[in-house]
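The values are calculated or read from the model by the stated rules, or taken from the named source; none is laboratory data. From a predicted model like this one, the values you see are computed outputs, not experimental measurements. Ideal geometry is used to build each Cβ from the backbone, glycine not excepted, and the neighbour counts take in all protein chains shown.
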Amino acid sequence: MMFMTKSTLIETHGQPVSAQVRLQAARAAALVIDGGRSSDTAFSGVLSTHSLPGRDRALVKELALGTVRWFWTLEEILQRLLKTRIRNKDRDIYFLLLIGVYQLKFMRIPAHAAVDATVQACELAGKPWAKSLVNGVLRNYARRSAEVDEQLSSDAALSAHPDWIRVRITAAWPQAWKQILEANNDHPPMCLRVNLGRIGRTDYLGHLQKAGIGAVLDPHVATGLIVKKPVAVESLPGFSEGWASVQDTAAQLVVPALSLQPGERVLDACAAPGSKTAHMLESQPALSEVIAIDIDSERVERLRQTLDRLQLRARCLAVDVTQVDAWWDGEPFDCVLIDAPCSGSGVIRRHPDIKHNRQPADVDALCQVQESLLESLWPLVASGGRLMYVTCSVFPEENQHQIRAFMDRHAEAIVEPLPMLKGVDCAEGRQTLPGVHDMDGFFFSMLRHRAH
Ligand SMILES: C[S@@+](CC[C@H](N)C(=O)[O-])C[C@H]1O[C@@H](n2cnc3c(N)ncnc32)[C@H](O)[C@@H]1O
């Protein structure tokens, strides 16, 4: 049993579970926004120290992720409501205020319940003096929200994006930027990939319905289902037996576009946690060999677990794939997939922490890594073979520009059209955009090695 601190005792035995939820949500949001952590790390940090029931844990996540997602909007609202600046040593109270405004603006929790729980959280935070401040600010907003919202004026507040991301998206997608920014602030759908080697898609849909989980066929991928109201993966029928996996529709487009053939030798160069390796093996069980590599050994462990759950086999290596001499046996690959590390600017709706934790310099550094992956692995492609380059980014620097520069260096490469894929067609590949067909933003480029 977990050691119980005074606050967990209060929370589990006493009235203010709802206050504890607000406090933990404020702490998780602060870990992301001020602390630069990923939301997953922040949640495992705060939730491991408190034994909250499942429904309350879900509410902690909703409040924290919502605050992370809408931070710039909430911040400007608070600027208009606060008479004096909150001191740095009281950032915990500032984050409770953000959580409070988020509930009032974006959630259907009755205003009095949201305000009371947030006010009580000041007590749990050991700052009872802040109760009247939080009460006053939140009640003021509850009364005057229409008027205050009307006054929001900065682009950051109106779009809920940091300026640098908004400016890059606006410049890259002059027709679609508004839709992209709006989609980035949406809750993402829960998409499933059915393991067709084990069960048919409509049969699996039937199992979901029997389990009381509403879902529909995904019209864009043969393997896909969309769950109407997201659920914990453990409650998916046959999940531990490998009947289905969670994967966005756009990500499910990658493997069919590889057209894998029996007997082919395949390299998945940036493989962890293994969604696409698994999809390859599910869709073409007669490959001669799949080598799945990732530089991060902890993530390779997750890759192995993914394959074990789905009862699939690949050669998994934890190594820097660009250090080719360290792992390659000299046998060329018919197909190489580079699912490259990238800014994640196409998956902001799933990972709103990206808005806080990425900086322009990171994109420059990632572009260098992407170039090095392309240059190191291209010589491993067999004559007539293919390399697919994929990112979950909507920044051209990581996508079209990267491939254009590669083509300038390699006359022996051809960009193949990908007519079977959704998305915007361009000379270098295809791009799905967040929100269009309710997909994530992915870039796909298929490079064919001219046969000698
Ligand atoms: C977008 S993720 C891959 C997701 C994975 N393909 C999937 O579908 O589950 C990019 C991965 O590239 C890995 N990576 C980055 N640089 C690498 C390198 N030099 N060698 C091997 N893996 C690398 C990262 O650790 C990360 O796991």
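Scanning segment 94-132 for residues that are of a type in the set (D, E, K, R) and assigned to a helix (DSSP H, G or I) yields a total of 4.
Checking Arg85, Arg91 one by one, the residue that is outside any helix (DSSP H, G or I), surrounded by fewer than 17 Cβ atoms within 10 Å (Cβ to Cβ) and of a type in the set (Lys, Arg) is Arg85 and no other.
Only one of the numbered conditions (1) surrounded by fewer than 20 Cβ atoms within 10 Å (Cβ to Cβ); (2) free of Cβ contacts under 8 Å to residues at least 40 places away in the same chain is not met by Leu366, and that is (1). Regarding Val221, is this residue assigned to a loop (DSSP other than H, G, I, E, B), within 22 Å of the chain's Cα centre (by Cα), at pLDDT below 95 and not assigned by TED's automatic domain parsing to the domain that holds Gln20? Here the answer is no, as Val221 does not meet what is asked. Looking across segment 133-171 at every residue that is among the small types (Gly, Ala, Ser) and either part of a loop (DSSP other than H, G, I, E, B) or without any contact (Cβ under 8 Å) to a residue 12 or more places away in the chain (or both), the one that is farthest from Val101 (Cα to Cα) is identified as Ala171. In segment 271-287 there is no residue matching the filter, namely being assigned to a loop (DSSP other than H, G, I, E, B), surrounded by fewer than 22 Cβ atoms within 10 Å (Cβ to Cβ), hydrophobic (A, V, I, L, M, F, W, C) and within 8 Å of the ligand (Cβ to nearest atom).
Go through (1) more than 29 Å from Gln400 (Cα to Cα); (2) away from the ligand (no atom under 15 Å from the Cβ) one by one and return the number of the condition Gln305 breaks. Among (1) more than 29 Å from Gln400 (Cα to Cα); (2) away from the ligand (no atom under 15 Å from the Cβ), the lone unmet condition for Gln305 is (2).
The residues in segment 357-401 that are away from the ligand (no atom under 12 Å from the Cβ), under 23 Å from the mean Cα position of the chain (by Cα) and not β-branched (Val, Ile, Thr) can be counted, and the count is 13. Might you check whether a residue that is modelled with pLDDT of 95 or more, under 23 Å from the mean Cα position of the chain (by Cα) and of a type in the set (Asp, Glu) occurs anywhere in segment 23-40? Checking segment 23-40: at least one residue is modelled with pLDDT of 95 or more, under 23 Å from the mean Cα position of the chain (by Cα) and of a type in the set (Asp, Glu).
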